4 protein chains.
Amino acid sequence: MAQAMQMLETHPWPGHVERETLARCIEECFACAQSCTACADACLGEENVADLRRCIRINLDCADVCVTTGRAVTRQTEPETAILRAFVEACAEACRACAEECERHATHHEHCRVCAEACRRCEDACRALLGSL
Amino acid sequence: MAQAMQMLETHPWPGHVERETLARCIEECFACAQSCTACADACLGEENVADLRRCIRINLDCADVCVTTGRAVTRQTEPETAILRAFVEACAEACRACAEECERHATHHEHCRVCAEACRRCEDACRALLGSL
Amino acid sequence: MAQAMQMLETHPWPGHVERETLARCIEECFACAQSCTACADACLGEENVADLRRCIRINLDCADVCVTTGRAVTRQTEPETAILRAFVEACAEACRACAEECERHATHHEHCRVCAEACRRCEDACRALLGSL
Amino acid sequence: MAQAMQMLETHPWPGHVERETLARCIEECFACAQSCTACADACLGEENVADLRRCIRINLDCADVCVTTGRAVTRQTEPETAILRAFVEACAEACRACAEECERHATHHEHCRVCAEACRRCEDACRALLGSL
């Protein structure tokens, strides 16, 4: 997703946030949206799907907020810090909860292990961005 | 959107939240997602689009968070209160900011007036739900 | 969702499509997005969740395309008929498949019965819109 | 977005589609969703925003269908080929139209040039996937 940084560099508005921090948050939000969508679906396909209800549900919530946040922090025109802060905090919270849940299944389900790592990277990237908003 | 309440009533899990409050929040989130999408597009079509950049941008953010929140509060299986609270707070914040911006253009653009009302209804419904989460 | 028609009436661009047909498609897309999200979640909460995998999966696909289509047909500025036609056809196809799947479980799960009806209404509204695009 | 292939490899269901083709479509859909969101916003920030209405509008449609399609093709459990085919065709159509529009502005706006390339890559990846569905 090299184009995220390119899109920031070619935007007509300068932006107030450190670009590396911002690009990382954008990339991790979209990556986490993908991995949570995939993990919810992989859990649904497991034999013990009934034990994975909580994991599926949090994955679906996390996937949705990651898309919303990834899109909102992509936008550089007329930024409204209060809104962005609320989105990025909600996203970090969902990523934390989703990582914790996936970690509980990581030894049995490799997709949960991979997804937990994506959630942790996204949580970190969100918290880093919160520090510079 | 009468089916939102029906879907709550036919869900296998009982739920801990007062159903009227929840159904209202679901309905207002989806309605606000629609009106913010429409208002961003109507502003884009106005002659003075350059004066409406901030309105368009906040409308797009608000539309996205309303879909995410409307879907998350629709889900009744294995609810995680910390995530839901963060989403509904972010949604209320976006609706408040979007209503304020739309209200500034309400005398010139009827679509901003209608959209501001939808945002205020959604903000109210989110705050009511926060009180019972 | 009375505001969908109001937003069409207050848009600065006249539009080429019969307004009642368009407003109905917008409303049914958002309603179906909600009911499919709810049905996927209700199926996930059922004891026989393992038998409902296909229903959950199609519900998730249908919910996503309904949001995308509901938003796209909401937009009246610079419409591109080829794109809209492709979206509305994809939405009708997903609604048809989701209705058929939900109907198979309608006698056992009331949420599937309610959701199938929402899918059929949305499929009809999409096909009616295709006739006037 | 290296995790897209990992998530495919760790999914409990084998899948009928060539994995490289699928992973590329998933990655390009999410990348294109990001670049179209960014291009719509960058166009909104340009001085000549009034000349970029069509570009903004198609970018918004394309961003939405790319998220929906990227999520749908990510799901491997109980795939329904007719739905997937309709989504991927709609996505390819939106990417083609968005690329053509962005290419018209590519000499004046670097973000349009970068976005057009992302749209072409996504269109290609969608057409390749259609060939193996």
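Using a 1.4 Å probe on the protein chains only, how many percent of the accessible area of the protein assembly as shown belongs to carbon and sulfur? All intermediate terms of the calculation are to be shown ahead of the outcome.
On the way: 7860 of 17340 Å².
Reported share for carbon and sulfur atoms: 45 percent.
Helix A:19-45 and the long axis of chain A differ in direction by around 20°, with both axes built from C-alpha atoms.
Please give the total accessible area that chains C and B bury against each other, computed with a 1.4 Å probe and expressed in Å² to the nearest 100.
Numbers: alone 7430 and 7430 Å², together 11760 Å².
Chains C and B together bury roughly 3100 Å² of accessible area.
Restricting the calculation to Cα atoms, the stretch C:70-116 shows an Rg/Rh of 1.20 when the hydrodynamic-style radius is the Kirkwood one.
Taking every residue in B:112-121 and counting other chain Cβ atoms within 10 Å of its Cβ, the average works out to 2. The solvent-accessible area of A:TRP13, taken with every protein chain present and a 1.4 Å probe, is close to 70 Å².
Taking the radius of gyration and the Kirkwood hydrodynamic radius from Cα positions alone, what is the Rg/Rh ratio for chain B, to two decimal places?
Details: Rg = 15.3 Å, Rh = 14.9 Å.
Result for chain B is an Rg/Rh of 1.03.
Computed on the stretch C:18-133, with alpha-carbon pairs under 8 angstrom and 6+ residues apart, the relative contact order is 34 percent. Longest stretch of chain B clear of exposed loop sites (GluC sites (Glu not before Pro), DSSP loop, at most 14 other Cβ atoms within 10 Å, sites excluded): B:48-133.
Over chain B, DSSP H runs of length four or greater, each weighted -39,500 (n - 2.57), average out per residue to a 222 nm ellipticity of -27000 deg cm²/dmol. A convex hull fitted to the Cα coordinates of the stretch C:6-73 yields 78 cubic angstrom per residue. Relative to the other identical copies, C:ALA82 shows label-point distances of 2.6, 4.4, 4.9 nm, where the label point lies 7 Å from Cα along the Cβ direction and values run shortest first. Each Lys and Arg adds +1 at its Cβ and each Asp and Glu adds -1 at its Cβ; summed about the Cα centre, chain A shows a dipole of about 180 debye. Each other copy holds its own label point for A:GLU18; taking that point as 7 Å from Cα along Cα to Cβ, the gaps run 4.4, 4.6, 5.9 nm, nearest first. Across all Cα atoms of the stretch A:32-102, the radius of gyration (one decimal) and Dmax (whole number) stand at 13.9, 48 Å.
Averaged per residue, what accessible surface does chain C expose to a 1.4 Å probe, in Å²? Please list the in-between numbers first.
Working: 4340 Å² over 133 residues.
The answer is 33 Å² per residue.
What the pair-distance distribution of the protein assembly as shown shows, using all Cα-Cα distances binned every 20 Å from zero, is 26, 63, 11 percent. Could you work out how far helix C:81-104 tilts from the main Cα principal axis of chain C, as a 0 to 90 degree angle to the nearest 10? For helix C:81-104, the angle is close to 20 degrees. In a simple Cβ point-charge model (Lys, Arg +1; Asp, Glu -1; nothing else charged), the protein assembly as shown has a dipole of about 0 debye relative to its Cα centre. I'd like the orientation of helix B:110-132 relative to chain B: the angle between its Cα long axis and the longest Cα principal axis, in ° from 0 to 90, rounded to 10. Approximately 30 degrees, to the nearest ten.
The values are calculated or read from the model by the stated rules, or taken from the named source; none is laboratory data. No experiment lies behind these values; they were computed from the predicted model shown. We place every Cβ from the backbone using ideal geometry, glycine too, and count neighbours over all the protein chains shown. Heads up: the accessible areas ignore ligands, DNA and RNA and are worked out on the full protein's heavy atoms, side chains in. Shrake-Rupley method; radii C 1.70, N 1.55, O 1.52, S 1.80 Å.
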